[in-house]
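Q: This structure is in structure tokens; I'll ask about it shortly.
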Amino acid sequence: MTELTELGVKAIRDGVAAGDFTAREVAEAHNTAVAAGGALNAFIVTTPDHALAAAEKVDAARAAGKQLGAMAGVPIGMKDLFATQGVQTTAASHILEGFTPEYESTVSQNLWSAGAGMLGKLNLDQFAMGSSNETSYFGNVISPWRHKDGGNADLAPGGSSGGSSAVVAARIAPAATGTDTGGSIRQPAAFTGICGIKPTYGRCSRWGVVAFASSLDQAGPMARSVEDCAIMLGAMAGFDPKDSTSLDLPVPEWEANLSADLRGKKVGVPKEYRMEGTDPEILDSWERGKEWLRDAGAEVVDISLPHTKYALPAYYIIAPAEASSNLARYDGVRYGLRELPDGAGLQDMYAATRAAGFGDEVKRRILIGTYVLSAGFYDAYYNQAQRVRTLIARDFEKAWAQCDVILAPTTPTAAFALGDKMDDPLAMYLNDVFAVPASLAGLPAMSVPAMLNGNGLPLGLQLIGKAFDEQGVLNAGLAIQQRAAFDAQPEKWW
Amino acid sequence: MSSYRIQGATGEWEVVIGLEVHAQVTSNAKLFSGASTEFGAEPNTQVSLIDAAMPGMLPVPNRECIRQAVRTGMAIEAVINRWSRFDRKNYFYADLPQGYQISQLYHPLVGEGSLTIEADEKAGIPQDKVIGVERIHVEQDAGKLMHDQHPTMSYVDLNRCGVALMEIVSRPDMRSPAEAGAYVRKLRTILRYVGSCDGNMEEGSMRADVNVSVRRPGEELGIRTETKNVNSVRFVMQTIEYEARRQVDLIEDGGTVVQETRLFDPNTGTTRSMRSKEDAHDYRYFPDPDLLPLELDDAFLEECRASLPELPDAKRRRYVEELGLSDYNAAVLTAEVETFARFETLLAETAKRLGKSEKDAATQVANWSLSVAPGVMNALGDEANPAHATAEAQAAILQMQTAGEISGGQAKEIFEIVLKTGREPAEIAETEGLKQQSDTGAIEAEIDKVLAANADKVEEYRGGKDKLFGFFVGQTMKATQGKANPAVVNELLKAKLG
């Protein structure tokens, strides 16, 4: 029998349902892999008992002849941005260290209700702010991938969902939750050779997810195949009356409607994504992607998204603006860290608590956000950025007259070494350049692995779809997956 | 025009007043959470995860709060904005868990409207005056800090945190403390009619931020100060009096008024500076990304409109024009919801019993409601049980009085017993002998005795001393122990005295 940790979501679910192995066996195998994977620093806390308890419930349900959920018997990693009842939830910050919620986020609850179990809470960039998982209070996550030249430099697993990408790529978890504000699912998926989809804004409830930028934050699955993403997204999504921005729409049967037959479909290729400084190998992967989609029956057409170059600056105004307000609640008054120097008054306590509790990148974004919302600057920055956001959404609207789905690179480069960009925030922010437009427009977008570069590192291709058309994205992703036949794995060194 | 002026050393000054009234919306749950809004609960027992701003919590608007604010807007004939939006007002304070208040700055729910304050000569309001309302928006209340629980720490009670408030912003249309007082009272009346706020200022359900500036009559507006959280009509008026005088004195002494936020001290009737414009917060308002814009559809607006009761001005007009009441009676009867509700119930019951139209019974019921009944109640004090003052009992008394069965004095006596005991008026009249005699035979006999005993006075009367008629009436009433129907006595006396 294949190692259970080699199996994906679909294979585990079907194998458990068929009685090929028990959910408990699956949970134990993954718990063992979690315990052995400490060198990756992917987990902030591990929860082997949670995984076992969920598995036992599934095994009991199966024994009783009950119908099993869409994720029955699948142990997953939970990004530590989702509130989990009774399990520490930190957003990888010191300010929330030790915070144990008395409530369960809607998305995680949906997953448990579908029969999934939790292996642990995954490390991430602090408050999901970062593209390399280097801003976590709990240390860097190290990518399971290494350069094939034998260089031992630790590589970035991407961010902010870096714990998620690392464990899925390393076969420690078959799947993990991610959240994507400006690429935080797609970029780490691309860096680690796995799939990840950010659905249409509003598909997955934000209730119980520690907020970064409310108008952009969206949860989604990260797994090793398009099918697994379709299954897991189906379990995560759904209308939630507790989230005013939740989409009141039925969840489509994504898994059942998967089809790699793209005849009659048009794939748009935006000329503005051919940016200076993009790695030639990335451009090469893009060319291959076009070929694969043509091979699947699609027609590839050139399109223009003229405001693309304004997306990144607009994003880095809107997201910090919202974050500066969203993070005001971490003040030392009610929960989390409280720093109370001798003789401190209320303002002193705020200052000391927030100075000690937030990392540099979080502070940087709070400062930027506070600045762009200030009297006298609001119109020039925040309002202007919102106008740009409208124009970017309009670019996509116009594009849909010409195509059904858009193909683009996910990132401008392959994974970089940890430490490479930490001194240069702008270079770091540039990593999100291809990811951010779809976030600003609230569109579904996915990264699927395409190939390895000359250094033996994975490169991802991005598919962006119309609002609510996750199916179109998944289907195009499936067509690429079938033709790319990406089966590379990181060599185990941990 | 108000003639209210501050007499300064250098001449007259006019006061310009605008009010921002914060009214707590009557609803069971808070604006964005399901927590209860009941007053007086133990600290921190009415706090949801949302109110405490736990990580990942999201606001969901409470439809009833929006509905009440829309109905309030309709009651002051304001523009209702079908599209409005919530903004965040960012600042740090321990009573504000989110670190921002969800409010509406850029696109309020309710736009321009107005209300009318009534002429009140005594108060220096010579005629009715329309006061503009610039807007009404909805927002969250904050929690409460308690500084007296611990020697070195402050405690926070989040029960009020997140409760829905309407902020009702007037135009700077008021020119005297009396006008401001009348505005707050009128607004309170309207809110209570609509049922959107209980108007209870002691419990903090209504409080006002008072904007005051002074100027030479007819000149440009002066610099204003804003005195926060004034919680009674009297204090609003005191704030204005104090602020206007302070500003005039300041200017006349060569100083300038500073735009600032001030606090009212009820113990001294004075205000003091809280913070000046220079240290004013930059609230960094921006649209709340957790909430979609509020869009109101026709059905919702129609329901809001259809559910509005008859409003104070309309009711008052109807009392005068249709029920024939005096302006004064109409004004008093319509000032409070409880008053008109009692009046209308009693009027309906009395008209039914008398077989009259409400119009024909209205004046009698108004007089009873406004002078007779309160007089009896007040005289009894604690002995009276107001629960016994049912519409049925009072209508029964009025019915007996109208039929001539009892006199006005007997009506009061019967009502007194009703208030003390809850007994039936008819039974009281019977048992206690509180009935008038209308039996002409018996009264005639008494009159004859009176006339016989006072033959000299009869002569004088017949000789032209008309005033003695009252004497004969009095003697007859005395002889019948006050039980004779005065109308019958008058009639018979007139006939006999020729």
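The values are calculated or read from the model by the stated rules, or taken from the named source; none is laboratory data. Quantities reported herein were computed from a predicted structural model and do not represent experimental measurements. Counting neighbours? That spans all protein chains shown, and the Cβs are built from the backbone with ideal geometry, glycine included. The accessibility values were calculated without ligands, DNA or RNA, using every heavy atom of the protein model including side chains. Shrake-Rupley method; radii C 1.70, N 1.55, O 1.52, S 1.80 Å.
Q: Can you tell me which of A:386-399, A:136-149, A:405-418 comes out highest on packing, and rank the rest after it, using the mean Cβ neighbours within 10 Å? Mind dumping the intermediate values first?
A: Numbers: A:386-399: 17.4, A:136-149: 21.8, A:405-418: 23.4.
Result, highest mean first: A:405-418, A:136-149, A:386-399.
Q: Then there is this: Suppose R0 equals 25 Å. What FRET efficiency, 1/(1 + (r/R0)^6) with r the Cβ-Cβ distance, do A:VAL301 and A:GLN489 give to the nearest 0.05?
A: 0.10
Q: Ordered by residue, what ³J(HN,Hα) values in Hz, to whole numbers, does segment A:165-180 give under the Karplus form 6.51 cos²θ - 1.76 cosθ + 1.60, where θ = phi - 60° and Gly and Pro are x?
A: For segment A:165-180, the Karplus curve yields 5, 5, 6, 6, 5, 7, 6, 8, 9, x, 6, 8, 7, x, 10, 10 Hz.
Q: Moving on. Would you calculate the separation in nanometres between label points at B:TYR155 and B:ALA445, each defined as 7 Å from the Cα along the Cα-to-beta-carbon direction?
A: A separation of 7.8 nm, rounded to one decimal place.
Q: Oh, and also: Which length gain, in nm to one decimal place, applies between B:GLU430 and B:ALA314 when the Cα-Cα distance is subtracted from 0.36 nm times their residue separation?
A: My answer for the length gained is 37.5 nm.
Q: Further, regarding this structure: Within a 10 angstrom radius of each residue's Cβ in B:286-293, how many Cβ atoms of other chains show up on average? Whole number is fine.
A: Mean shielding count: 6.
Q: Work out the mean other chain Cβ neighbour count within 10 Å for the residues of A:318-331 and drop it here as an integer.
A: Mean shielding by partner chains, rounded to a whole number: 5.
Q: Return the lysines within reach of B:LYS228: Cα separation strictly under 24 angstrom, same-chain partners fewer than 8 residues apart disregarded; answer none if there are no such residues.
A: B:LYS30, B:LYS89, B:LYS144, B:LYS186, B:LYS277
Q: Applying 1/(1 + (r/R0)^6) with R0 = 56 Å to the Cβ-Cβ distance of A:ASP342 and A:ALA427, what FRET efficiency is obtained, to the nearest 0.05? Walk me through the numbers before you get to the answer.
A: Working: r = 42 Å, r/R0 = 0.74.
The formula returns an efficiency of 0.85 here.
Q: In deg cm²/dmol, rounded to 500, what helix-only [θ] at 222 nm does the protein assembly as shown give when every DSSP H run of at least 4 residues adds -39500 (n - 2.57) and the total is split over its residues?
A: One gets -11500 deg cm²/dmol as the mean residue ellipticity at 222 nm.
Q: Just for the protein assembly as shown, what percent of DSSP beta bridges are antiparallel, to the closest 5?
A: Working: 85 of 102 bridges.
Antiparallel bridges: around 85 percent, rounded to the nearest 5.
Q: Mind checking which aspartates and glutamates have their Cα closer than 20 Å to the Cα of B:LYS412? Skip sequence neighbours fewer than 8 apart in that chain.
A: Within the straight-line limit of under 20 Å, B:LYS412 reaches these aspartates and glutamates: B:GLU349, B:ASP382, B:GLU383, B:GLU392, B:GLU424, B:GLU427, B:GLU430, B:GLU432.
Q: What list of ³J(HN,Hα) couplings, whole Hz, do you get for segment B:72-78 from phi and the Karplus terms 6.51, -1.76, 1.60, once you set θ to phi - 60° and write x for glycine and proline?
A: Karplus values, whole Hz, x for Gly and Pro: 4, x, 5, 5, 10, 6, 8.
Q: Between rounded, prolate and oblate, where does chain B land on the alpha carbon gyration tensor, with a ≥ b ≥ c its root eigenvalues, rounded for a/c under 1.5, else prolate if a/b exceeds b/c? Kindly include the intermediate steps, with their values, before the conclusion.
A: Working: a/c = 2.73, a/b = 2.01, b/c = 1.36.
Because a/c hits 1.5 or more and a/b exceeds b/c, chain B counts as prolate.
Q: Computed over the Cα atoms of the protein assembly as shown, what is the ratio Rg over Rh, Rh following Kirkwood?
A: Working: Rg = 39.0 Å, Rh = 33.6 Å.
My calculation puts Rg/Rh at 1.16.
Q: Evaluate the charge dipole of the protein assembly as shown about its Cα centre and quote only its size in Debye, nearest 20, assuming +1 on the Cβ of each Lys and Arg and -1 on the Cβ of each Asp and Glu. Mind showing how you got there, number by number?
A: Values: 97 positive and 133 negative charges, 156 e Å.
In total the dipole reaches around 760 debye.
Q: Something else now. For a 19 Å ceiling on Cα separation, which of these pairs sit above it: A:LYS421/A:LYS492; A:LYS198/A:LYS492; B:LYS359/B:LYS420; B:LYS465/B:LYS496; A:LYS79/A:LYS198?
A: Exceeds cut-off: A:LYS421/A:LYS492; A:LYS198/A:LYS492; B:LYS359/B:LYS420.
Q: OK, next. Kindly identify segment B:93-172 as rounded, prolate or oblate by the Cα gyration tensor criterion: order the square roots of the eigenvalues as a ≥ b ≥ c, call it rounded if a/c is under 1.5, otherwise compare a/b with b/c, prolate if a/b is larger, else oblate. Don't skip to the answer; put the middle values down first.
A: On the way: a/c = 4.56, a/b = 1.87, b/c = 2.44.
Cα axes put segment B:93-172 in the oblate bin.
Q: If you average the C-alpha positions of segment A:190-263 and of segment B:398-471 separately, how far apart do those two centres end up, in angstrom?
A: 90 Å
Q: Here's something else I'd like to know. How would you order B:95-102, B:225-232 from highest to lowest mean count of nearby Cβ atoms within 10 Å?
A: Highest-to-lowest ranking by the protection proxy: B:95-102, B:225-232.
Q: Provide the per-residue ³J(HN,Hα) series for segment A:316-328, in order, calculated from phi with Karplus coefficients 6.51, -1.76, 1.60 and θ = phi - 60°, each as a whole number of Hz, with x at glycine and proline positions.
A: Values, residue by residue: 7, 9, 5, 5, x, 4, 5, 5, 4, 7, 4, 8, 5 Hz.
Q: State the extension gain, in nm to one decimal, for the chain segment bounded by A:ARG294 and A:THR390, taking 0.36 nm per residue of separation less the distance between their alpha-carbons.
A: Details: separation 96, 0.36 × 96 = 34.56 nm, distance 3.15 nm.
Length gained between A:ARG294 and A:THR390: 31.4 nm.
Q: Let me ask something additional. Starting from the 7 Å offset along Cα-to-Cβ, what nm value, one decimal, do you get for the label separation of B:ALA387 and A:ARG334?
A: 4.1 nm
Q: In addition: Which order do A:TYR371, A:TYR315, B:TYR4 take by accessible area at a 1.4 Å probe, largest first? Numbers along the way, then the final one.
A: Numbers: A:TYR371 105, A:TYR315 5, B:TYR4 70 Å².
Sorted descending by solvent-accessible area, the residues read A:TYR371, B:TYR4, A:TYR315.
Q: Expressed as a whole number of Å, what is the distance separating the alpha-carbon centroids of segment A:443-494 and segment B:43-100?
A: Using only Cα atoms to place each centre, the spacing works out to 43 Å.
Q: At 0.36 nm per residue, and after removing the present C-alpha to C-alpha distance, how many nm does the segment from B:GLU112 to B:ASN378 gain when stretched out fully?
A: 91.4 nm
Q: Sorted by mean Cβ packing within 10 Å, highest first, what order do the peptides B:193-205, A:57-69 take?
A: The most tightly packed comes first, giving B:193-205, A:57-69.
Q: Using amide H atoms built 1.01 Å from N in the peptide plane, name the residues 5+ places from B:LYS30, or on other chains, whose amide H lies under 5 Å from its own.
A: B:ALA35
Q: Something else: Take B:PHE39 and B:LEU145, extend 7 Å from each Cα along the Cα→Cβ direction, and tell me the distance between the two endpoints in nm.
A: Between B:PHE39 and B:LEU145, the label points sit 2.4 nm apart.
Q: Next question. With a Förster radius of 45 Å, plug the Cβ-Cβ distance of B:GLU460 and B:THR402 into 1/(1 + (r/R0)^6) and report the FRET value to the nearest 0.05.
A: Result of the calculation: an efficiency of 0.80.
Q: In addition: Leaving out same-chain residues fewer than 8 places away, which aspartates and glutamates sit with a Cα under 15 Å from that of B:LYS457?
A: Excluding near neighbours in sequence, the set is B:ASP448, B:ASP466.
Q: Next question. Could you work out the relative contact order of chain B, using alpha carbon pairs under 8 angstrom and six or more residues apart, expressed as a whole percent?
A: 13 percent
Q: Let me make sure I get this right: for chain A, a, b and c are the square roots of the gyration tensor eigenvalues over alpha carbons, sorted descending. Under 1.5 in a/c it's rounded, otherwise prolate if a/b > b/c, else oblate. Which is it?
A: Numbers: a/c = 1.43, a/b = 1.05, b/c = 1.36.
Here chain A falls in the rounded category.
Q: Check A:LEU122: other-chain or 5+ apart residues with amide H under 5 Å from its amide H, H built from backbone geometry?
A: A:ILE44, A:MET78, A:LYS79, A:ASP80
Q: Scan around A:ILE303 for amide H atoms under 5 Å from its own, H built in the peptide plane at 1.01 Å from N, and keep only partners 5 or more places away or cross-chain.
A: Placed amide hydrogens put A:VAL269, A:LYS271 under 5 Å from A:ILE303.
Q: Follow-up. Report, as an integer, the average count of C-beta atoms from other chains found within 10 Å of each Cβ along A:371-377.
A: If you average over the peptide's residues, the count of other-chain Cβ atoms is 3.
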